[in-house]
Amino acid sequence: MPPGPAPFPLVGETLVEVNFQFDWAAAFGSIPHLLPGIPWTLMISFGGLAIGFVIGIVFGLMRISPSRWMRLPAVFYIEVFRGTPILVQVLFIFYGLPQLLGGPINALTAGIAAIAVNSGAYISEVVRGGVQSIERGQREAALSLGLSRTQAFRYVIWPQAFRRMIPPLGNQGIISIKDTSLFSVIGVGELVRQGQIYIATTFTALEVYLMVALLYLAITWSLSLLLRVLERRGLVGQ
């Protein structure tokens, strides 16, 4: 019978044994080096989300417009940016657009722009769903009271729709925060990039990336907690 595979790799005639021990000191020691990445992460994510929210409102309302010429550009934008990876989008903005514009684009600007156009596509659908979830009778009742269509939307439809949009908007915020981890490829100094720089000098990848993950978890968990507080107080939802 042929011999079975060796349980451990052999180097020459020496049996190699793996004896790894997690270095907690290195893990906690990396935190001061990772913390400078948090402002960059928050700046990119929330800056992009603020712009994306405006884009989402515009294209979300265009999406439900009775005019075909308003709907088609909105559908095109939504499908393109929801159907392509955000990593490809940021690489196109950072490396591709400068060739068209004839000048370089700052990495921070490229990151914010990528979050803005990507989240804007998803927020457009959130806006569409929120507005269409309001019963038709609400609009008709507002019009019967003498309000114009614009006033009915502004004072009756939009406030109710916005409350229903907050949970999915919060989810999109969490997704956008995590998406910033991809922007280390263009040199943005967010959490992952700070971790990569520190690992290059300490060779403690496991410990550092664990702390990076925990810091991301702390940020997203805080946002989730805020949303739950708003739900308990009846400020979101129905």
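Observations on the structure shown:
- Ile93 vs. criteria closer than 30 Å to Arg193 by Cα, without any contact (Cβ under 8 Å) to a residue 60 or more places away in the chain, open to solvent by less than 50 Å² (accessible area, probe 1.4 Å) and touching a Lys or Arg at 6+ places or on another chain (Cβ under 9 Å): no
- Within the range 33-50, not a single residue is at pLDDT 95 or above, farther than 21 Å from Phe183 by Cα and either under 17 Å from the mean Cα position of the chain (by Cα) or open to solvent by 80 Å² or more (accessible area, probe 1.4 Å) (or both).
- Any chance Leu72 is farther than 30 Å from Gln194 by Cβ and assigned to a loop (DSSP other than H, G, I, E, B): no
- For Leu147: the one exception among (1) surrounded by 16 or more Cβ atoms within 10 Å (Cβ to Cβ); (2) within 30 Å of Leu97 (Cβ to Cβ); (3) not small (Gly, Ala, Ser): (2)
- Taking the range 124-238 as the region of interest, the helices (runs of 4 or more DSSP H) fully inside it that hold 3 or more residues being touching a residue at least 12 places away in the same chain (Cβ under 8 Å) are 136-144, 158-179, 191-202, 205-232.
- Residues of the range 202-238 that are surrounded by fewer than 12 Cβ atoms within 10 Å (Cβ to Cβ) and modelled with pLDDT under 90: Phe203, Val229, Arg232, Arg233, Gly234, Leu235, Gly237, Gln238.
- Residue within the range 9-24 that is open to solvent by less than 50 Å² (accessible area, probe 1.4 Å), at pLDDT below 95 and not basic (Lys, Arg) present: no
The values are calculated or read from the model by the stated rules, or taken from the named source; none is laboratory data. A quick note: this is a predicted structure, and the numbers were derived from the prediction, not measured. Virtual Cβ from ideal backbone geometry, glycine too; neighbours counted across all protein chains shown. These area figures cover heavy atoms from the full protein model, side chains too; ligands, DNA and RNA do not enter into them. Shrake-Rupley method; radii C 1.70, N 1.55, O 1.52, S 1.80 Å.
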